[in-house]
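These notes are about the structure you will find just below.
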Amino acid sequence: MCSVAGVALPRRAGPRPTTTPVNPHTQLDQQPTDPSVRGRLAGLVFALPGVRERESLISVPGARALHLEDSLTSGPPEAFLINREFAHLHPGADESLHAMLPPELLDEAVAMGWAEQHPVARRGLIPANAVMLFAPRDDDELEVVASLVQASYAFAYPDAQL
């Protein structure tokens, strides 16, 4: 079993959310009922050292990109969605994220119900490790989703001290 930050990835409760099968790849249901969950997730992921918030270069308008500072050592090309953007948070009612997971974590994150492969990755047009991370519905899920974003960050920035 793979782990995130040394802890086994738990199974996400319930069925997978409904998502769109094409671009824009959107989560259609199972968003958090507490509006503060999104803000707390953003606070955690944008506080990662060397991460700057920028408008996404690849997502829908209003998506908030996690961009690795240019001065930092970067991981392999498949650690990034575009340029130095390794993940982004979707705006509005969606609240899911797209991220580039380390390949060794991909199958486990999907099998445990936290992610699904991006439809464009399923077609082989972008790296296979491009995923949607489902919106966290509560504080427990927030911790897991934040840890998956941290894994994406560590893949993009191998010298990160987490």
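Per residue of the chain, what 222 nm ellipticity follows from adding -39500 (n - 2.57) for every DSSP H run with n ≥ 4, rounded to the nearest 500?
-7500 deg cm²/dmol
Amide H of ALA130 versus every other amide H placed in the peptide plane: which residues, excluding those fewer than 5 positions away on the same chain, fall under 5 Å?
HIS118
Tell me, what ³J(HN,Hα) does each residue in the range 104-113 have, in order and in whole Hz, if you take phi through Karplus 6.51 cos²θ - 1.76 cosθ + 1.60 with θ = phi - 60° and put x for Gly and Pro?
Listing the rounded values in order: 6, 9, 4, 4, 5, 4, 6, 4, 8, x Hz.
Once you list every other residue whose beta carbon is under 13 Å from the beta carbon of PRO102, what net charge do they have if Lys and Arg are +1 and Asp and Glu are -1?
Value of the local net charge: -4.
Using each residue's phi in the range 43-59, evaluate 6.51 cos²θ - 1.76 cosθ + 1.60 at θ = phi - 60° and report the 3J(HN,Hα) Karplus result to the nearest Hz, with x for Gly and Pro.
x, 5, 6, 7, 8, 4, x, x, 9, 10, 7, 9, 5, 5, 8, 10, 9
Grab the other residues whose beta carbon is less than 15 angstrom from that of SER56, score K and R as +1, D and E as -1, and report the net.
-1
From the phi of every residue in the range 139-148, what ³J(HN,Hα) in whole Hz does the Karplus formula 6.51 cos²θ - 1.76 cosθ + 1.60 yield, where θ is phi - 60° and glycine or proline is x?
The phi angles translate into 5, 5, 5, 4, 4, 5, 5, 4, 5, 5 Hz.
When a/c reaches 1.5 or more, the comparison of a/b and b/c decides; with that in mind, is the range 81-162 rounded, prolate or oblate per its Cα gyration tensor?
Rounded is the answer for the range 81-162, as its axis ratio a/c remains below 1.5.
Hey, how many Å between the Cα centroid of the range 98-162 and the Cα centroid of the range 26-76?
Their Cα centres are 12 Å away from one another.
Sequence-distant or interchain residues sharing an amide H contact under 5 Å with GLU95, placed H: which?
Correct list: HIS90.
Determine the sum of side-chain charges near LEU28: Lys and Arg each +1, Asp and Glu each -1, restricted to other residues whose C-beta is under 13 angstrom from that of LEU28.
My count for the surroundings of LEU28 gives -3.
How large is Rg over Rh for the chain, taking Rg from the Cα atoms and Rh as the Kirkwood inverse mean of 1/r across Cα pairs?
Here the Rg-to-Rh quotient is 0.92.
Each value in this text was obtained by applying a stated rule to the coordinates, not by laboratory testing. The structure presented is a predicted model; accordingly, all values stated were derived computationally and were not measured. FYI the Cβ positions are ideal-geometry reconstructions off the backbone, even for glycines, and counts take in every protein chain you see.
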